[in-house]
There are 2 protein chains.
Amino acid sequence: MDKKREEQLNETLMLFYFAYRTFTNEPDRILEEHGIQRLHHRILFFVARTPNISVHELLKTLEVSKQALHAPMRQLIEMGYITSEPAEYDRRVRELCLTEKGQKLERQLSNVQRGKMNAIFETMGPDSEETWKQVMKKIIDNEKDE
Amino acid sequence: MDKKREEQLNETLMLFYFAYRTFTNEPDRILEEHGIQRLHHRILFFVARTPNISVHELLKTLEVSKQALHAPMRQLIEMGYITSEPAEYDRRVRELCLTEKGQKLERQLSNVQRGKMNAIFETMGPDSEETWKQVMKKIIDNEKDE
DNA sequence: GAATATAGGTCAACTTTATTGACCTAAGTG
DNA sequence: CACTTAGGTCAATAAAGTTGACCTATATTC
């Protein structure tokens with residue numbers, strides 16, 4: 001790989017870092033107002049995307065320990081954002097769902113990010129959305145080759 | 001925003017999260033072998049991109065406190081990856097540079113990520129690179145509107 | 001039915017990585 | 001000379017994670 005190509009790629013690394021940081025800034029600010037943190041947001045996000053998700057599934061998705069998940073999850077339950085009910089098919093399993101209040105907060109948090117992405121893709125056209133997603137998918141898939 | 005559009009955007013949020021996590025996984029693993037952490041990588045990366053960068057500039061770039069930067073930076077200096085020399089134009093200012101050893105480590109770390117990006121853009125074509133970068137730039141710029 | 005495995009919860013000790021505040025030196029600048 | 005800036009360092013604290021151990025309840029398997 002020649003020097004020039006390497007420098008072009010360095011720009012992509014820098015953009016990735018700054019874009020991610022910027023992207024999480026706004027939600028982080030809102031979270032702080034509610035006295036909760038980024039992991040709370042992730043929990044809310046994935047419970048919103050996957051209603052009735054089990055604790056075990058959530059653990060695997062977020063790649064944190066049971067003990068690390070526990071405190072924020074309990075907080076969300078106590079604050080009335082999430083419900084945790086035994087599953088019918090297996091009463092050991094707890095199914096997590098957002099309450100109405102939880103849906104509202106999750107929407108507030110993620111809307112900032114959705115709005116940002118939507119505005120960009122609207123300016124740049126639908127192809128840009130497809131391309132951007134494709135690149136991100138390939139980054140994720142690459143992992144499997146190693 | 002209708003439900004369907006919202007779900008499409010949710011996919012982008014998920015991709016962003018997982019892609020970033022995957023992207024930092026490999027370097028993190030290498031860093032661990034050297035007994036250093038992600039902040040060390042960021043220091044190495046930005047010093048590599050901006051030779052002679054001052055401590056103050058680095059602080060602003062990384063958005064951490066002086067005290068948080070200090071320990072890892074000193075470690076990198078002690079391990080012989082970085083040099084810190086008083087600047088000619090102002091002897092209060094320390095100019096940071098990579099040593100040869102530092103350049104080697106930085107290359108090792110960032111090559112993983114550069115290689116990943118390069119492979120993707122080679123498969124998808126040069127337009128995909130331009131588009132992806134454009135989206136990321138807009139995410140960063142958006143910050144200023146708020 | 002007893003043994004074992006799984007889902008989940010909780011306590012404790014510890015580690016890492018950051019924060020803020022205070023204070024120091026050295027070197028420029030008005 | 002007074003003040004500011006760049007940088008370094010100590011101390012107390014906070015947050016967010018880790019591992020290990022142990023508990024209950026419920027399924028599953030032999």
**Message:** I'd like the distance separating the alpha-carbon centroids of segment B:64-141 and segment A:69-111, in whole Å.
**Reply:** 39
**Request:** Grab the beta carbon distance between B:MET124 and A:ARG91, set R0 = 35 Å, and tell me the FRET efficiency rounded to 0.05.
**Result:** 0.15
**Asked** Taking amide H positions as placed 1.01 Å from N in the peptide plane, with prolines and chain starts having none, which residues 5 or more places from B:GLU95, or on another chain, fall under 5 Å of its amide H?
**Response** B:GLU85, B:ALA87
**Request:** List, in order, the whole-Hz ³J(HN,Hα) value for each residue of segment B:42-52 obtained from phi through the Karplus relation with A = 6.51, B = -1.76, C = 1.60 and θ = phi - 60°; use x for Gly and Pro.
**Result:** 4, 4, 4, 4, 6, 5, 5, 6, 10, x, 6
**Message:** Over chain B, what is the relative contact order in percent, taking alpha-carbon pairs closer than 8 angstrom and at least six residues apart?
**Reply:** 21
**At R0 = 25 Å, FRET efficiency that the Cβ-Cβ distance of B:ARG5 and A:LYS104 yields, to 0.05** = 0.85
**Prompt:** Other chains near A:22-34: what is the mean number of their Cβ atoms within 10 Å of each residue's Cβ?
**Reply:** 2
**Fill in**
In Å³ per residue, the alpha-carbon convex hull of segment A:1-81 encloses 126
**Prompt:** Where does segment B:3-145 land on Rg/Rh, using Cα atoms and the Kirkwood Rh?
**Reply:** 1.04
**Message:** Just to be sure I follow: if Rg is taken over the C-alpha atoms of the protein assembly as shown and Rh is the Kirkwood radius over the same atoms, what is Rg/Rh?
**Reply:** 1.00
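Quick note: the coordinates plus some simple rules give every number you see, no bench work behind them. Please read these numbers as outputs of a predicted model, since none were measured by experiment. No Cβ is skipped: glycine too gets one built from the backbone with ideal geometry, and neighbour counts run over all protein chains shown.
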